[in-house]
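Notes for the one structure printed next.
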Amino acid sequence: MPAPRLRSLPRNVTDVARVLACVDGTVQNLQLSPDVGSVPLERATPIREFFSWPGKRNYEGLYWSSTNRRHVDFESLLERDYLLAADYAPDIVAIAAQPLALLWPRAARGNRDHVPDFFVRLGNGDGRLIDVRSPKGAEKYAEQSALTRKICDEIGWEYEVFTGLSPELAQNLRWLAGYRHDRYAPPTEIAESITRRFAEPVALEVGLGEASRRTGRSLEHTTANVLHLIWRRHLSADLSRPLSMSSEVWA
């Protein structure tokens, strides 16, 4: 049975902030405390419905995460860019979309609640809450972000306001993400042979040709294998510059 997604959030009638999350199919309404940090929010499902209407400007969709091995919801192309970056990040081991609602105390001014965009679990066990904002949005919602950061400090989480990737990095990650699936992963013996060829920095085009000859695989297969290995960080390249066949790649 699908986990419930709320169409509206309850009002907090207490004097302490509360955290609302749906983990393993059960909605939990928790008083803010460091104990919230032990909740496995990486297993949370979106706490609220994703609403659509004619003429809506944001683009919604599902991103298949190679980290989660399943789809993750997003509500804008900027959120999709965050998912690309998180999926590629070596320190992130799980990603959850709209994993909780922060219900402000009844005396709080303005909005009564806030639903952050993502929660990620880090390899060291720590948690990080993320709000995705355009640069203008980050300024507009600075007070809300300050409140959210204060909540995270009390729980023991990191907090990040993501405002976008550089054009070069975004373009490179979109290209590499096309090869993130396991179907592009070379067998272990082939991967080792490819890695040995890139032991020293070499232009991608040159390395691909030599790796193809060494392994006896087609250039098309080898290209897919190498780009997958770059995505998995078994090979490296300077992604702050446009990735091309002349880019240096190394193990």
* To do: Kindly provide the set of residues from the range 88-130 that are out of contact with any helix residue (DSSP H, G or I) (no Cβ under 7 Å at 6 or more places or on another chain), aliphatic (A, V, I, L, M) and outside any loop (DSSP other than H, G, I, E, B), ordered by number.
  => V93, A97, A101, L103, L122
* Which of the residues that make up the range 131-151 are of a type in the set (A, V, I, L, M, F, W, C), in contact (Cβ under 8 Å) with a residue 24 or more places away in the chain and assigned to a helix (DSSP H, G or I)? -> A138, L147, I151
* Asked: Could you list, in sequence order, the residues of the range 106-160 that are surrounded by fewer than 17 Cβ atoms within 10 Å (Cβ to Cβ) and under 22 Å from P90 (Cα atoms)?
  -> L122, G123, N124, G125, D126, G156, E158
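In the range 80-96, is there at least one residue being of a type in the set (D, E, K, R) and modelled with pLDDT under 90?
no
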* Structure fact -> By residue number, the members of the range 176-196 that are surrounded by fewer than 18 Cβ atoms within 10 Å (Cβ to Cβ) and either under 23 Å from D81 (Cα atoms) or touching a residue at least 24 places away in the same chain (Cβ under 8 Å) (or both) are G178, H181, D182, R183, T195, R196
* Does the range 58-67 contain any residue that is in the same structural domain as R112 (by TED's automatic domain parsing), closer than 16 Å to L129 by Cβ and not basic (K, R)? -> no
* To do: Can you tell me which residue within the range 5-30, out of those that are touching a strand residue (DSSP E or B) at 6+ places or on another chain (Cβ under 9 Å) and charged (D, E, K, R), is nearest to W104 (Cα to Cα)?
  => R18
* Asked: Has the range 30-37 got at least one residue that is touching a residue at least 24 places away in the same chain (Cβ under 8 Å), loosely packed, with under 15 Cβ neighbours inside 10 Å and aliphatic (A, V, I, L, M)?
  -> no
* Structure fact -> Considering the range 155-196, residues that are in a strand (DSSP E or B) and among the hydrophobic types (A, V, I, L, M, F, W, C), and then whichever is nearest to the chain's Cα centre (by Cα), we arrive at F162
* When you scan the range 208-251, how many residues do you find that are in a helix (DSSP H, G or I) and of a type in the set (S, T, Y)? -> 4
* To do: Looking only at the range 197-207, decide whether some residue is surrounded by 14 or more Cβ atoms within 10 Å (Cβ to Cβ), part of a helix (DSSP H, G or I), touching a residue at least 12 places away in the same chain (Cβ under 8 Å) and among the basic types (K, R).
  => yes
* Matching residues in the range 176-193 - criterion: being closer than 23 Å to V120 by Cα and aromatic (F, W, Y) -> Y179
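The values are calculated or read from the model by the stated rules, or taken from the named source; none is laboratory data. Quantities reported herein were computed from a predicted structural model and do not represent experimental measurements. Here the Cβ is made from the backbone with ideal geometry for all residues, glycine too, and neighbour counts use every protein chain on show.
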